[in-house]
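The values are calculated or read from the model by the stated rules, or taken from the named source; none is laboratory data. No experiment lies behind these values; they were computed from the predicted model shown. No Cβ is skipped: glycine too gets one built from the backbone with ideal geometry, and neighbour counts run over all protein chains shown. Heavy atoms of the whole protein, side chains included, go into the accessibility calculation; ligands, DNA and RNA do not. Shrake-Rupley method; radii C 1.70, N 1.55, O 1.52, S 1.80 Å.
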4 protein chains.
Amino acid sequence: MTALHLSGVVPPLVTPLTSSYDVDVASLARLVGYQLAGGVAGVFVLGTSGEGTFLTDEQRQVVLETVVGEVAGQVPVLAGVIDTSTARSGAHVVAACKVGVDGVVATAPFYAATHPAEISRHFERLASAAEVPLFAYDIPARVGTKLPASVLLDLGERGVLAGVKDSSGDETSLRRLVLDRPAGFTVMTGSELTVDSALSFGVDGVVPGLGNVDPAGYVRLFDAVAAGGLAVARSEQDRLFRLFEIIEVADRSRMGASSAALGAFKAALYLLGVIGCPLTAYPSIPLNDDEIAGIGSLLTRAGLLAG
Amino acid sequence: MTALHLSGVVPPLVTPLTSSYDVDVASLARLVGYQLAGGVAGVFVLGTSGEGTFLTDEQRQVVLETVVGEVAGQVPVLAGVIDTSTARSGAHVVAACKVGVDGVVATAPFYAATHPAEISRHFERLASAAEVPLFAYDIPARVGTKLPASVLLDLGERGVLAGVKDSSGDETSLRRLVLDRPAGFTVMTGSELTVDSALSFGVDGVVPGLGNVDPAGYVRLFDAVAAGGLAVARSEQDRLFRLFEIIEVADRSRMGASSAALGAFKAALYLLGVIGCPLTAYPSIPLNDDEIAGIGSLLTRAGLLAG
Amino acid sequence: MTALHLSGVVPPLVTPLTSSYDVDVASLARLVGYQLAGGVAGVFVLGTSGEGTFLTDEQRQVVLETVVGEVAGQVPVLAGVIDTSTARSGAHVVAACKVGVDGVVATAPFYAATHPAEISRHFERLASAAEVPLFAYDIPARVGTKLPASVLLDLGERGVLAGVKDSSGDETSLRRLVLDRPAGFTVMTGSELTVDSALSFGVDGVVPGLGNVDPAGYVRLFDAVAAGGLAVARSEQDRLFRLFEIIEVADRSRMGASSAALGAFKAALYLLGVIGCPLTAYPSIPLNDDEIAGIGSLLTRAGLLAG
Amino acid sequence: MTALHLSGVVPPLVTPLTSSYDVDVASLARLVGYQLAGGVAGVFVLGTSGEGTFLTDEQRQVVLETVVGEVAGQVPVLAGVIDTSTARSGAHVVAACKVGVDGVVATAPFYAATHPAEISRHFERLASAAEVPLFAYDIPARVGTKLPASVLLDLGERGVLAGVKDSSGDETSLRRLVLDRPAGFTVMTGSELTVDSALSFGVDGVVPGLGNVDPAGYVRLFDAVAAGGLAVARSEQDRLFRLFEIIEVADRSRMGASSAALGAFKAALYLLGVIGCPLTAYPSIPLNDDEIAGIGSLLTRAGLLAG
C-alpha cells in the first residue's frame, strides 16, 4: 500500500441515472469534468451520495471505469466499498483496485451488530486485500455504530487505516482525532455546514455532498481558510449554508430524507446542465416538477443559475 | 406466483462454516437432516441466523443448492434475499428462484433511510421479479425501520406479499396483523420465547433461531397449542426459555451480541454432533473453549446432551 | 412495611381537570365510583395516565385525598411518586403515606443518566422511607432506561420491592420476571392489548390505561382467564383491542402522542358522563369537537354508548 | 421582562453538598468567589451541572439565596427551572424571581412526549409568569426532544424567549440559530470542547460545565477570540480539551455517566480547595480515592495544581 495524504475538497459524486435506472455514463463524465473545473482535490465515488448501496455490482463497475477513465490521473479517485460484511466489502475492494482507484473507503459492517474488536478485524482484512490505502467511513446514522476514536487511532498507528471520513456530526470526536492522530493520518469531514470551523481546528479537507452542486464554492472556502482569511471563509460557508436548503424543498411526507437530499443534488445538477436526468435510484420517490422548480429558485439565489 | 400458506415450525438455518470460512456442505446437509427428523414444517435459509448478509454471492449459491437438494421437496424451502436495495435484493431473488426455492423473504431496504411509500415500491418490484411467493421480514433492530402494519396489510390485500415473518418483538403490532390480515396471509413470529402466546392468539407458526438446536422441542410446543394443551405448551416454552440462556454464555465484553447468539447456536450444534465446526462468519469473534463448555452444560440441563 | 400482593385489574386513573386546569374533585369521585362498580381490584393514581408529572404538589395532594376518601378501604389504592430523583420522589412517598395509600409506585430516576447500581440505591432509600409496600414502575419510553430484570429480582429477593408494574412492552423480559421471581413478588403488566397472553403465562394482573373507560371489560377478561376460558378471554381482548383505536382518532400532526391517548380516555369518560370536562393538563393540546365525536362512534361500536 | 443580552463565560455552577447530602453553603459561597475571580460574565445555577433535578424545593431555595447573595449584583445570575411540566416549572420560576435572579432557564417538558406546538405553549406560559427574561435550554440527551430551530426562532421573534443555551451538540443547528436569530436574541453554547469554533461563527458565549474547574481558562479563550487571536484560542481550547479528560477517570462500569462527569468536576474543586466535599447527589455513586487522585494528576498536567 502506498501512502495517500488527502487535503482539500473531495466531493462524493452522485451517480447520474437514466430514466430506465441505468448508469448515465455521459452525464457521469460531464459531472467529473464539472468537478475538475471547479478545482477539486479528488473525487469519491460509490459513497452514500453516490447511492453505492443501491447499485448492482455491474453498475458499480461502470461507475468505477467511467470515473477513473475521465479523471485520468489528474486527481486521486477514492471508491466506496460499502457492504454488509468483510467478505462482501472485500469483493468490492478487489474490483475497485483492478480498475485503478487510488484509495478505498469502507464503513464498519452493518445489519449484524458488531463489537469494536470485530470492527478492527474487518478493517485489518480489508487493508490486507487492498493494493491502495484504506480509509474508514464513519457514518453512524446509516451504519448504526459510531466508530470509536480509540479504534480509529489504533488502526492508524498500525498502518491499517490511512485516514477517516467523518460523517458522524460529532465535532468533539472529530477534534479528538485531529489532536491525537499519528503522523500522516488523514482526517476529512463529511459535513457541508461546519467546514470553516473544522478546517480551522485542523482537519485536512472536506467531502461535502453539496460539493456536487458547487465545487468551486467549497474550493474557495478551503482556500480562504488556508490563506488565513476566516471572515471570507465564514461568508462563503454562510452562502453554502443557505444553498443547502435545497434538501428541504421536497416534501418529506411523501419520500425519505435520503431521496429528498440526493434528489435535490441531482435536480440542481440537472438544472445546471451537468446531468441529463434528475432521477434517484429505485425505490426512491422522485422529486416532482414543482419541487425541481423550487430548487431552481434557490440556485438562482445562490448565484449559480441565471434568474 | 403460486400460493404458499405456511404453518408450524420453520427454523432459520444457520450456515455451518469450515475453519477456513467456507460453507461446510456436509455439515449443512446434516443440519437439514436433523431438522427434518425433528418434524419441522419448512426451513428458512440465508436469514439473520443464516448469516446471509455475511456471505458472498457464491457462498449464498452453495447454501441454496445444498439445502434445496437435501430437502428434496419434503417441506418448503424459503430463502432470504436480504440486501441494501431493491436492485441488489432483486438479483438474489432471481438466483434463488433458479435454484428452486418455494418462497423468498425480503426486508425493507436499509443503509439509506426509506419512507413507507418507498418500502412498498421495493416489495412490489421484488414480487414482480419472483416466481414464488414473497414474504416480508420485519426486523427493525437490524434494518432500522419497523414495517408499518398498514403497509404490510395493504401489500397483502394486493397480493404483493404472501405473509410476514415478524421479528420486531412488538406483540401489539403482531396481534394487529393477525386481527386484520386478508385471507391466506401468513403471519409467522420470529420470537423464541413467546411462542405459546403468539400461537394462542392466532399466528400461523414460528421461525425460531433456537429451533436450529432443538427443532423437536418447538414442534412439541406447536402441537400442544394446536391440541389445546396450553399447560403442556407453557411448560415446553419455559424449558426452551431456559435453553435460550445459551446465548448469554459468551462474554459480551469481547464480542458482539450477534456473535454471542449465533456462536451459541453453532456451538450447540457442534456439541450435538450435527455440524463439524462452531465458527461464525468473519469478522465475528469466535467463542472460546470455556464458553463452548458452558453451553454444553446448558444442553445437558435441557435434556439434549448426556451429562 | 406490610405485604400487599396485588391481583386482577388495577386501572391507572386519569386525573379529571376543570376548564381552568384545577383538579375536578367531583369528577374524580365519580370516576372512582365507576371503577368500583366495574369490579376493579385496586386503583393506581398519579401514574402516567394520571398525568402525575404534570401536577403541582398541591394538586397531587388533592388527588390523593379525594381517591383515598372515596375508595374508603374497599380496594387498595396505589400512588405514583414519580419524580426526577430520590430526594424528590421521597418527598412524594412521605406525602402519600400520610394520606393513607396502600402502596407507592416509583420509576428509576430520570433526566440524569443512571447506572443500575444507582437505581438500586434509589429504590432502597425510597423503600426505607415508605410505610407501605414499594412497587417499581418500568416505563423506558418515558424514563429512558429499562429496569433490568436482574435488578428487579435482586430487589425483590431483598424485600425492597413488593413487585413491578411493567410497561416496557418487552414480553420476553416480562416472562423472565414471572419465571424467576421470589415468592410474593407481584408482577403486573401495563399493556392494554396483550393481557390474555400475559395472564396466561402467569402475571398477576393488569394496569390498563384503557381500563379507565371500560373497567368491566378488563374484569371480564381477567375472570375468563382465571376460569380457563381462553376463547372468551381472547374475544374480549379483541374487542378491547378495537376499542383502543380511540387513541388514534386525534390528529398526531398537531399534538403529542400522550395528548392524543390521554385526551381519548378523557373524552370517552366525558361522553360516558363520568367526568365533566375532557381537558388534559397544560401544555397538552386539547382534542377538538370532531375528534371527540369520532371517539364517540368507537364507543358505540364497542357497545359502551348508545348510538 | 427587561432585556438581558448575555455574552462571555457563564459557568453552570455545581451544587456543593455536605457528607450528609445537604447544600454546603460555605462551599457554594467560595465557588461563587472563585468564579468571579476568574472573570466570568455570569453564573447559571440549578442546571444539569448544578444537579437541580436532584434537589428538593427547599434545597433549590438555599442555592438561589446563597448565590444571589454572594454575587451581589456583580454579574447576572441565571436560574434553572427544570421540571417535568409547565405547572411545576412555573412554580420554580416564581420562587427564583422572588429571590431576585436576573434570568430563568427552562427545558421543554419531559417524561411525557410533547409536540412542538405544546413546547411553544409551555414557554409562553413560563414567560408570562417570569418577571425576568426566559431562556430555553436545549439538552435532548436528557429531555428526549431536540428543540426545533424554527420553534426557538419563532419564540424569539415574538419576545417569549430572550435566548437559548444549546447543549445539543448539533453544530449545524447552532449555526442556523446564529444565522437566523432576531436582534437581541442570545445564543450560548453548552459545549466545553468546540468553544473557539462556536465563538468564531458568532455565538455570544459559553456555559461550560468544566468552567467550574477552570473559569479563567475559558475567559482567556473567550478574550482571545474576541481579540482575533485564533491561534491562541485554539491552543487554550486544546488545553481545556485535555483537562476535560477528568470526566473519563471514574470507572463507568460502576456508575453512570452523569456521576462520573459531575463527580470529576466536584473532585477537582475539592482538590483545588474550593469546596469541602466531592460528593454528588444521591443516588449517584461517589468517586473513590484512587479516582480522585487520578483527577489530581490531570489538574497538575493542566497547570492548575502543584505537582
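Within 13 Å of chain C (Cβ to nearest Cβ), in contact with a helix residue (DSSP H, G or I) (Cβ under 8 Å, 6 or more places away or on another chain), open to solvent by 50 Å² or more (accessible area, probe 1.4 Å) and farther than 24 Å from B:Ser297 by Cα: does that describe B:Leu230? The answer is yes for B:Leu230. Quick one: would you say B:Asp204 is open to solvent by 10 Å² or more (accessible area, probe 1.4 Å), out of contact with any Asp or Glu (no Cβ under 8 Å at 6 or more places or on another chain) and within 14 Å of chain C (Cβ to nearest Cβ)? Considered against the rule, which asks whether it is open to solvent by 10 Å² or more (accessible area, probe 1.4 Å), out of contact with any Asp or Glu (no Cβ under 8 Å at 6 or more places or on another chain) and within 14 Å of chain C (Cβ to nearest Cβ), B:Asp204 comes out as no.
The residue list C:Val164, C:Val187 contains one member that is buried (at least 24 other Cβ atoms within 10 Å of the Cβ), assigned to a strand (DSSP E or B) and either aliphatic (A, V, I, L, M) or away from chain B (no Cβ under 14 Å) (or both), which is C:Val164. Here A:Ile82 meets the list (1) more than 11 Å from chain B (Cβ to nearest Cβ); (2) within 14 Å of the chain's Cα centre (by Cα) almost entirely, failing just condition (1).
Given A:Leu152, A:Leu174, A:Leu179, A:Leu134, which one is in contact with an Asp or Glu (Cβ under 8 Å, 6 or more places away or on another chain) and away from chain D (no Cβ under 14 Å)? Spell out the reasoning first.
Working: A:Leu174 fails: away from chain D (no Cβ under 14 Å); A:Leu179 fails: away from chain D (no Cβ under 14 Å); A:Leu134 fails: in contact with an Asp or Glu (Cβ under 8 Å, 6 or more places away or on another chain).
None of the others qualify; the one that does is A:Leu152.
Within region B:190-201, restricting attention to residues that are under 17 Å from B:Arg234 (Cα atoms) and either aromatic (Phe, Trp, Tyr) or more than 9 Å from every other protein chain (Cβ to nearest Cβ) (or both), the residue that is surrounded by the fewest Cβ atoms within 10 Å (Cβ to Cβ) is B:Phe201.
Filter region A:233-275 down to the residues that are within 14 Å of chain B (Cβ to nearest Cβ), under 22 Å from D:Leu179 (Cβ atoms) and surrounded by fewer than 17 Cβ atoms within 10 Å (Cβ to Cβ), then identify the one that is farthest from the chain's Cα centre (by Cα). By that ranking, first place goes to A:Arg252. Somewhere in region C:12-29, is a residue surrounded by fewer than 22 Cβ atoms within 10 Å (Cβ to Cβ), in a helix (DSSP H, G or I) and free of Cβ contacts under 8 Å to residues at least 12 places away in the same chain? No - not one qualifying residue is present in region C:12-29. A count restricted to region B:138-149 and to residues that are within 14 Å of chain C (Cβ to nearest Cβ) and under 23 Å from B:Gly8 (Cβ atoms) stands at 0. For A:Arg181, the stated conditions hold: it is farther than 21 Å from A:Tyr34 by Cβ and either acidic (Asp, Glu) or at pLDDT 95 or above (or both). With respect to the conditions (1) at positive phi; (2) touching a His at 6+ places or on another chain (Cβ under 7 Å); (3) of a type outside the set (Val, Ile, Thr), A:Asp83 falls short on a single one, namely (1). Total residues in region D:285-295 satisfying the condition of being open to solvent by 10 Å² or more (accessible area, probe 1.4 Å) and either in contact with a helix residue (DSSP H, G or I) (Cβ under 6 Å, 6 or more places away or on another chain) or polar (S, T, N, Q) (or both): the figure is 4.
Taken over region B:102-118, the criterion of being out of contact with any strand residue (DSSP E or B) (no Cβ under 9 Å at 6 or more places or on another chain) and either modelled with pLDDT of 95 or more or of a type outside the set (Val, Ile, Thr) (or both) is satisfied by B:Pro109, B:Phe110, B:Tyr111, B:Ala112, B:Ala113, B:His115, B:Pro116, B:Ala117, B:Glu118.
Could you say whether any residue in region A:288-303 is within 14 Å of another protein chain (Cβ to nearest Cβ) and modelled with pLDDT of 95 or more?
Our first condition is that a residue be within 14 Å of another protein chain (Cβ to nearest Cβ); within region A:288-303, this holds for A:288.
Still in the list and also modelled with pLDDT of 95 or more: A:288.
Yes.
If the condition is being more than 14 Å from chain B (Cβ to nearest Cβ) and among the polar types (S, T, N, Q), then region A:31-79 contributes A:Gln35, A:Thr66, A:Gln74.
Among the residues of region A:126-141, the ones that are surrounded by fewer than 21 Cβ atoms within 10 Å (Cβ to Cβ) and farther than 16 Å from A:Ala95 by Cα come to 2 in all.
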